[in-house]
1. Find the residue count for segment 12-41, including only residues that are surrounded by 15 or more Cβ atoms within 10 Å (Cβ to Cβ) and under 10 Å from the mean Cα position of the chain (by Cα).
2. Being closer than 30 Å to HIS77 by Cα and not in a loop (DSSP other than H, G, I, E, B) narrows it down to one residue among LEU10, LEU41, LEU23; which is it?
3. How many residues, within segment 44-59, are of a type in the set (S, T, N, Q) and assigned to a loop (DSSP other than H, G, I, E, B)?
Amino acid sequence: MKVEEHAVVLIHYVLTNNDKEVLDSSEGQDPLAYLHGTGHLIPGLEAQLLGKLAGVTLHFAVDIIDVREATAEELEHGHVH
């Protein structure tokens with residue numbers, strides 16, 4: 001099964017920053033369930049998942065600009081603190 005618009009998708013995730021520090025994770029919990037293409041995930045993440053097959057492990061970056069507008073400090077230093 002492929003991830004497509006209006007499909008119910010279940011994902012496990014680990015969110016890290018540029019320093020590889022874990023900011024959030026679904027480890028030890030039920031997977032996150034969402035309806036794909038309805039804006040319930042950050043746009044960069046939804047775009048990366050579209051068309052992927054069930055059961056695969058993926059690693060990718062989502063730029064802060066795909067989540068929210070970066071602050072002047074983040075733009076100057078090139079990363080989020």
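Please treat every number below as a calculation from the coordinates, not as lab data. Predicted model only: the values in this text are computed from it and were never measured. Reconstructed Cβ throughout: ideal geometry from the backbone, glycine too, with neighbour counts over all protein chains shown.
1. Of the residues in segment 12-41, 1 are surrounded by 15 or more Cβ atoms within 10 Å (Cβ to Cβ) and under 10 Å from the mean Cα position of the chain (by Cα).
2. Among LEU10, LEU41, LEU23, only LEU23 is closer than 30 Å to HIS77 by Cα and not in a loop (DSSP other than H, G, I, E, B).
3. 1
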